[in-house]
1. Using the Karplus curve 6.51 cos²θ - 1.76 cosθ + 1.60 with θ = phi - 60°, work out ³J(HN,Hα) for each residue of the range 106-114 in order, rounded to whole Hz, and write x for Gly and Pro.
2. Which cross-chain or sequence-distant (5 or more) residues have an amide H under 5 Å from the amide H of Ile93, H modelled 1.01 Å from N in plane?
3. So for the pair Lys181, Ala196, with labels modelled 7 Å out along Cα→Cβ, what separation do we get in nm?
4. Collect residues whose amide H, placed 1.01 Å from N in the peptide plane, falls under 5 Å from the amide H of Ser175; neighbours closer than 5 in sequence don't count.
5. With a Förster radius of 51 Å, plug the Cβ-Cβ distance of Ala123 and Asp224 into 1/(1 + (r/R0)^6) and report the FRET value to the nearest 0.05.
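Where a number appears in this text, it was derived from the coordinates with a stated rule and is not lab data. All values derive from a computational prediction rather than experimental measurement. Every residue, glycine as well, gets a Cβ built from its backbone with ideal geometry; the counts of neighbours run over all protein chains shown.
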Amino acid sequence: MSELLTFSADLFADLFEDHPEIKLSSLGHYQTYGFVLAIASSPENIPPAEWQPLLFKTNKLPDFDTPELGRTFTFNIRSLWDDLNTQLRNEKIVLPDACDYSPLTGADQALIDYCAGYLKGYAWLKAVWEHAIKNETGDSKTDMMLNMLIFALMTLNKNKGEATQSTEKNKKGMSIDKAWKLLPTLLTSVGINGQALREIEKLTAEQNAKLESIQPIAKIGRNDLCYCGSGKKYKKCCLQ
């Protein structure tokens, strides 16, 4: 297991503020944060090399001005990913400090961007979630929790300048106030369930691999020597 990297919210913010080329070409500070959480919550373990290009508007990594900047970017993204995975293992997702909502002013831009980033990550992973939930055994509420989270994210993502409607329900029956109050719990629950499904898939794959490695017992003919080692033919020994 690779060593976990220490995440710094300040250094992560500086990555965008101090480097205009990253700020302009990427999804941005808070969209990136939400996107990476969606990846950390996935029921499939996806390495950073596969999803890091999606953090940019062109869906590919840019030509960084210097190799050092490329390494800095990768370090910050990887450390954020490690931190969010740790939060899920500790069963508590904490929103970035700047993400806020008020019935008077609605969702702030940081929260809107955060929700948009998670929704983008979920859209990329939708088929993965559908496959995992379809193959899930037992009476689970994963699908319901996931749908509630998506409704909450979409509600908040569209909420800028709609403060007067904070107690009205959207078409799915969730008010903006309720979406905000439930968001940390829903993010945590979906992430925990996603990682649990990931572990189940891993254990199932390992079990299937072991079963495939077991050599089947050859069929014994009536006139073959008995498997018990008596020296007699099978029909004259254990078959009787």
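1. Residue by residue, the range 106-114 yields x, 6, 7, 5, 4, 5, 4, 5, 4 Hz.
2. Placed amide hydrogens put Thr188 under 5 Å from Ile93.
3. The answer from the label model is 2.5 nm.
4. Asn170
5. Working from the Cβ atoms, E equals 0.25.
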